[in-house]
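Trainee: For reference, the structure I am asking about is given below.
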Amino acid sequence: MSNRVFLDSSILVEYYKGTKTDLLESLLLEIPETRLFICQTTLSEYFFQCLKTDSGKAPLTVKSSGKIAEALSSTDHREFLSLFEYLSDGEGMCQMCPEMMSKHNLLPNDALVLSICKLNGINILASYDANDFKKACDKENITLLQTLADWEDFKKVK
């Protein structure tokens, strides 16, 4: 049975910026035994941060100047994103998301990420946003990976 890991946008953004790469690099080396998932929320947050990183300006400033295409042209994001499996929002998302927000005091995008994990039976979430996810993951029986050491520890226990 393969490991199924959902990637929060923080993992993709830090990898893209070249600041924290070891966790994702290790996960990528384990494909196909480890399946890596993203969703619409992940893509939205990732592209928002890419615009900011590539242009050095706020994304709304880039939009106002008409230079989104120019900012995005420096990288072929399709090749990178094709490494991951895409999950669509399920039927239960409209009900589960506000429940997760209330239950765990989460902002909407974090509740969407946690909801998609629950709806798809994914019990591993990789994220650098421990403040957002640690308590919620513990309560929902989802393993939170924040470091390469967390991943190595998880594999030892499994």
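Trainee: Say we look at the stretch 14-40 and pick out the residues that are within 20 Å of residue 76 (Cα to Cα) and touching a Lys or Arg at 6+ places or on another chain (Cβ under 9 Å); which of these is surrounded by the fewest Cβ atoms within 10 Å (Cβ to Cβ)?
Mentor: Among residues in the stretch 14-40 that are within 20 Å of residue 76 (Cα to Cα) and touching a Lys or Arg at 6+ places or on another chain (Cβ under 9 Å), the one surrounded by the fewest Cβ atoms within 10 Å (Cβ to Cβ) is 14.
Trainee: Only one residue in 11, 38 is assigned to a strand (DSSP E or B) and either at pLDDT below 95 or closer than 30 Å to residue 64 by Cα (or both), so which one is that?
Mentor: 38
Trainee: Follow-up. Is there a residue being part of a helix (DSSP H, G or I) and within 14 Å of residue 87 (Cα to Cα) anywhere in the stretch 20-28?
Mentor: No, every residue in the stretch 20-28 fails to be part of a helix (DSSP H, G or I) and within 14 Å of residue 87 (Cα to Cα).
Trainee: On the basis of being free of Cβ contacts under 8 Å to residues at least 40 places away in the same chain and within 20 Å of residue 22 (Cβ to Cβ), does residue 156 make the cut?
Mentor: Values: free of Cβ contacts under 8 Å to residues at least 40 places away in the same chain: yes; within 20 Å of residue 22 (Cβ to Cβ): yes.
Yes: the conditions hold for residue 156.
Trainee: Also, quick follow-up: For the subset of the stretch 70-98 comprising residues that are of a type in the set (Ser, Thr, Tyr) and in contact (Cβ under 8 Å) with a residue 24 or more places away in the chain, which member is farthest from residue 115 (Cα to Cα)?
Mentor: Once the filter is applied, the top-ranked residue is 75.
The values are calculated or read from the model by the stated rules, or taken from the named source; none is laboratory data. Just so you know, these numbers come straight off a predicted model, no measurement behind them. Every residue, glycine as well, gets a Cβ built from its backbone with ideal geometry; the counts of neighbours run over all protein chains shown.
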